[in-house]
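Heads up, the thing below is written out as structure tokens.
The values are calculated or read from the model by the stated rules, or taken from the named source; none is laboratory data. These numbers come from a predicted model, not from an experiment. Side chains are part of the model used for accessible areas, which takes the heavy atoms of the whole protein and leaves out ligands, DNA and RNA. Shrake-Rupley method; radii C 1.70, N 1.55, O 1.52, S 1.80 Å.
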Amino acid sequence: MRICGGKRSMFQVSIPPISLLATIICLTLPFLPPTLSLQSAVNVWPKPRLVSWPKPLARSLSTNFTINSPYHQNLQPAISRYLRLIRTEHHHPLITPSVNVSTSSAPLQTLSIDISDLAASLQHGVNETYSLSISEVGKTAYLTAETAWGAMRGLETFSQLVWGNPSVVPVGLYIWDAPLFAHRGVMLDTSRNYYGVEDILRTIEAMSANKLNVFHWHVTDSHSFPLMVPSEPELAAKGAYGPDMIYSPSDVVKIVQFGLEHGVRVLPEIDSPGHTGSWAEAYPEIVACANMFWLPAGSDWGDRLASEPGTGQLNPLNPKTYQVLKNVIRDVSILFPETFYHGGADEIVPGCWKADPTIQSFIANGGTLSQLLETFVNSTLPYILSLNRTVVYWEDVLLDGIVKVDSSFLPKEHIILQTWNNGTNNTKRIVEAGYRAIVSSSEFYYLDCGHGDFLGNDSQYDQKAGGESLNGGSWCGPFKTWQTIYDYDITYGLSEDEAKLVLGGEVALWSEQADPTNFS
């Protein structure tokens, strides 16, 4: 186990249950350096804020060990899952703990869970604090939490404390734990390549084991529209890669419920108005530059229609755009109980909108592309807010150098900005403007970037992030060691008040180079 030397890093090193997170260095609960550091063999992942174990003692765990708790709809499946794991795993550490196993003390019979607020829902900012006490005597250990979600974190910790066959558990032990950041996420792009429901469930399970709490689901993009939206079924019927590559409403219900039972929120993203080429299969009239070649021969980069193959952006001047999009937003808000709605709003490519005749006329009459985006935001944001959602946008909506909206269009109390460019510099710009931030800096947290990139896999350009790039590499190409990811301080350079606006971070797996083959 490693801790981050006091930095507010979002990463620690782990070997989680699935190879995706093992390969990419699992994003975990960030913690302040423990105020009490004990020289002990207790190795809980992620390292708790406080561990007190004055004497290296352990005792056996009863073969009839049980867990008692008040009833909670989503906690009960977690208890069953952890009870099965505790009874059957019989973990053998690579290095046997140097402890004295008591032969005189009776086996530990029960873990008793006490929860103060059983009604607390799984939403941003929910209390995940817990404490765990295992006495040298008595038949019962005690797990105390404010909420069921904190109890789930404590159950994960307790399960890691049990080892051996027959099983033993440390005693005379007290642990107190709480996250430093409320938002600890993994983003998965299921548009560029499709991932089956079981792949997603396995990811959520691994996240829970590492005490991550937000699965950011980038469901749709220009490449495919794999989500069956009940009021707009043609979007998936024509926009998905195939009938067997569609997430049905029942699939979403299953994933959301699985997340609840693992303490993981499922945050949907329907990216718009950019990244919407797949919508044109059902509604070509509302999508600009759809199915056009992304970089016309002889064109400069500034005249591209997209930043990679897969063109198409919703046309803000077509009233039907909002009819279709509002149907999608409404159905997504019904399918996903999550109180955050991610609206995308990134990478508006000027050339795409300029290729549309109606937009050409708008510009000829003095309109600007930023005014187009403002029209789009004004026509959609109030509707999303009316559904009692907090809206997350990618940083581009405010910080893009060409197409952006004025901050007056983005009320700070309702908007969160997710940063992916320019490292801590853009985080600083966002919080200085008074917005809450989620950090996904591509230089550190983009999992698809590193050893070769889809623009040209040439190992001579594999350099550590921050190094001088050679001609031929790309923004995504510099090699990122796990140390680079692990050491990233997401509040670097911020004042204390500014740092409070950083909700946390997310690693992002875009799927140009990933699919279930290298994901599972």
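Can you work out the accessible area per residue across the chain, with the rest of the protein chains kept in place, probe 1.4 Å, in square angstrom?
Details: 20760 Å² over 520 residues.
For the chain, the per-residue accessible area is 40 Å².
When only Cα pairs under 8 Å and 6 or more residues apart are kept, what is the percent relative contact order across region 50-177?
Working: 256 pairs, mean separation 48.8, N = 128.
Contact order relative to length: 38 percent.
With the alpha-carbon atoms of region 50-177 aligned to their principal axes, the span from lowest to highest coordinate is 42, 29, 27 Å, starting with the largest.
Using only DSSP helix segments of four residues or longer, with each worth -39500 (n - 2.57), what per-residue ellipticity at 222 nm results for the chain after dividing by its residue count and rounding to 500?
Values: 16 runs with 146 residues, N = 520.
-8000 deg cm²/dmol, from helical runs alone.
Principal-axis analysis of the Cα atoms of the chain puts helix 249-261 at an angle of about 40° to the longest axis.
Quick one: compute the contact order of the chain, relative version, from alpha carbon pairs under 8 angstrom and 6+ residues apart, as a percent.
Details: 1130 pairs, mean separation 74.3, N = 520.
Value for the chain: 14 percent.
Shape summary: the chain maps onto an equivalent ellipsoid whose semi-axes, from the alpha-carbon gyration tensor, are 45, 24, 21 Å in decreasing order.
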